[in-house]
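> Quick one: the structure is below, questions incoming.
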Amino acid sequence: WSSPSDLIPMRTRHRSSAAPLALSYAALIVYASLSPFTGWRLPTELPWFGFGHLPWNPWWWTPFDLVANLLGYMPLGALVFFALVRSERHVGWSALWAALAGTLLSLSLESLQNLLPQRVPSSLDLALNTAGTLLGPLVLVLFAAPARAEQELGLQPSAATVGKYEKLEFAIRCP
């Protein structure tokens, strides 16, 4: 043996690109949420961190903003979910942790936007980002559910559901 660590049995882990992709996507969200990175200042009228200070009714909402906030966090939820499932975590707990990670990231970024005069924090953004993070794993689970149910019931699965299930299984197992 070459080192003492060789004597310690290691739990075999599946290698996956989901965790690095999730971190990369989170970095992209940070960049998009805090750009431009100039003009930082301490807020004078509001506390700078937390949920209660974020306004609900800003006049600058557009349909694009609503959809972008919802859909923008879906890949993050899906990637964190994939990473946790690949490390042999339970599907339900993986979805919960993915949602929590997206919610905490969104809360942090919305709070940090208070420090940037060109950015506008919003409770609606936080709610939509959280919903998007929840939808990512939910869509993946619902995507695979019909084929999984047919398999468990011993039914002959349809070609469409087998194809969907195989694609999801491939995505989860593929590095």
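> Ranked highest first by average number of other Cβ atoms within 10 Å, how do 21-33, 105-117, 78-90 line up?
Values: 21-33: 15.4, 105-117: 18.6, 78-90: 21.1.
My ranking of the peptides, most packed first, is 78-90, 105-117, 21-33.
> Please list W40, W61 from largest to smallest accessible area, probe radius 1.4 Å, with all protein chains kept in place.
W40, W61
> In whole Hz, with x marking every Gly and Pro, tabulate ³J(HN,Hα) for region 89-106 from phi via Karplus 6.51 cos²θ - 1.76 cosθ + 1.60, θ = phi - 60°.
Listing the rounded values in order: 8, 5, 4, x, 5, 4, 5, 5, 5, 5, 5, 5, 4, x, 5, 5, 4, 4 Hz.
> Still on this model: From the protein chains alone at 1.4 Å, what is the descending order of accessible area for R41, R119, largest first?
Values: R41 105, R119 65 Å².
Greatest to least solvent exposure: R41, R119.
The values are calculated or read from the model by the stated rules, or taken from the named source; none is laboratory data. What you see is a predicted model; the values in this text were computed from it and never measured. Neighbour counts run over all protein chains shown; Cβ positions are idealised from the backbone, glycine included. Heads up: the accessible areas ignore ligands, DNA and RNA and are worked out on the full protein's heavy atoms, side chains in. Shrake-Rupley method; radii C 1.70, N 1.55, O 1.52, S 1.80 Å.
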